[in-house]
Amino acid sequence: MSDLNGHEPLEESVNELAQAIFTVNRHAKAAPDPKKLYTLKKLALEKLLTEGKAKKEGLHFSPNPGKSQQKSDVLVSVGDYYFHMPPKKEDFQQLPHLGHLNHQYRNPKTSMSLSYAKRILSKYAGYWVKPPQHPLYLHRKKQAPVFKPLGKSYF
C-alpha cells in the first residue's frame, strides 16, 4: 500500500534496517567524507541493541588498526547481517574475543539505494543527514562580459 505521494511506507523491519545499514556502510567505505554515514550506522546499531533487535557477538581484531599495534571491534549481528562497531570499555570485560576476522563470510547481497537507506535509518535513529552544500560560486549565474565601443573610456 502506498501513501498519498505514491511512495511505499517506511516499514522498519529488522531485516530492512539491516539492509539499510549494509547499504550505508558500503557507501561510507568509498565516500570522500564518510563521518555522517558512519554516525548514522552507529546510532542505528546502538538503537537496535537497546531494543534487543541486535546482538553483540564478540570482539574481532581490526584489519586496519591505524596507528596502534592492535585494535578490536565489536561484532554485531542484525538479522542475517554482521557489522563491526567501535567497542566500549565494558565490552572488553563482557564479550568473548573471537580472534581474527573470518574473510570467508560475506553479508547477503542487497540492492537498496543509498537515499532510501539513509531515509530509513534517519527516521529510525532520529539523525538527519543533510545533503552537502555546494560552494556559492556554483550557484551564481554567469554574466556575459560588457564591451565598450572603441574609443570610449571605461571611467
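Read-outs throughout are calculated quantities, based only on the coordinates presented, and are distinct from any laboratory measurement. The shown structure was predicted, so the numbers you read here are calculated from the model rather than taken from an experiment. Cβ atoms come from the backbone with ideal geometry, glycine included; neighbour counts cover every protein chain shown.
At full extension, Gln93 and Ser113 could sit 3.4 nm farther apart than now, given 0.36 nm per residue minus the alpha carbon distance. Taking 24 Å as the limit for the C-alpha separation, the pairs Lys36/Lys88; Lys89/Lys123; Lys89/Lys109; Lys42/Lys109; Lys36/Lys123; Lys47/Lys88 exceed it in the case of Lys89/Lys123; Lys89/Lys109. Protection proxy ranking, highest mean first, for peptides 28-35, 85-92, 71-78: 71-78, 85-92, 28-35, where packing is the per-residue count of other beta-carbon atoms within 10 Å, averaged. Considering only DSSP states other than H, G, I, E and B, which GluC sites (Glu not before Pro) in the stretch 28-60 qualify as loop sites with at most 14 other Cβ atoms within 10 Å? Sparse-neighbourhood loop GluC sites (Glu not before Pro): Glu51. A full extension of the chain between Tyr127 and Tyr105 corresponds to an added length of 4.9 nm, given 0.36 nm per residue minus the alpha carbon distance.
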